[in-house]
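Nothing in this text is a laboratory measurement; each read-out follows from the coordinates by a stated rule. Nothing here was measured: the structure is a model prediction, and the numbers come from that model. Counting neighbours? That spans all protein chains shown, and the Cβs are built from the backbone with ideal geometry, glycine included.
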Amino acid sequence: MIEFDAFLAQMLDGYRSSYDIETIEGVTEGLVAKAHMHVEECQCMIFEEFKMWTADADEYVYIYRIPHLTDEIAKKCIEEAYNDGFPKIKLDHISIRNQHMRTNLVTLFIVDEIDGDAVKTVKKCKIYKNFAFSFKGWMEMHTASVNLSDGSVYNNNYGRSTGEFLKLHIDHYRSNVNK
């Protein structure tokens, strides 16, 4: 059994190097933390002022603590994360110098037990939007869950990197506990 508080602290430390973290104090169930990252990639010519192109990428992570994840709760949390994150995509500012490339919305569940239907909901989530046939970028919904009782990780196709991130932290947690 993995202890929730220690695992969450370790996972947030992993996010902290690149993300802005917002923890929600006093919450034992539901949304416990949010993380945000903004990356601007660009190609410069001779000097930094002469940018040939730029591409913006954003990621919004919503971390939920749900002791028993059911299908209804999973759908509700995914919808809540989508409704909060999607309006943050600002396509009005598109210009030749500032381009939106992608936005990832990540719904991450930390659970003690998970129903079979909830596993299907997490694995089968396929929320994807493109803007102007991807000319103005796209948005993907990544979903993943980690079961603290047995260390199992489930994720959708978009959330493979999130699933690998969780597996890495489970292995790190277990190696530190066994010392």
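Were the residues from GLU25 through SER175 laid out at 0.36 nm apart, the gain over their Cα-Cα distance would be 51.2 nm.
Hey, fewest Cβ within 10 Å first, where do SER17, SER145, SER175 land in order? Don't skip to the answer; put the middle values down first.
Working: SER17 6, SER145 27, SER175 9.
With the fewest neighbours first, SER17, SER145, SER175 line up as SER17, SER175, SER145.
For region 1-90, what value does the Rg/Rh ratio take when both radii are computed over Cα atoms and Rh is the Kirkwood radius, given to two decimals?
Using Cα coordinates only, the ratio equals 1.12.
In the chain, Rg over Rh equals 1.02, where Rg is the alpha-carbon radius of gyration and Rh the Kirkwood radius from pairwise Cα distances. By the beta-carbon count within 10 Å of each Cβ, the least crowded to most crowded order of CYS42, CYS125, fewest first, is CYS42, CYS125. Among PHE135, PHE86, a tally of other beta-carbon atoms within 10 Å of each Cβ gives an order, fewest to most, of PHE135, PHE86. Using R₀ = 41 Å, calculate the FRET efficiency as 1/(1 + (r/R₀)^6) where r is the Cβ-Cβ separation of ASP115 and MET37; round to 0.05. FRET efficiency, ASP115 to MET37: 0.85. Between region 127-167 and region 22-93, the alpha-carbon centres lie 12 Å apart.
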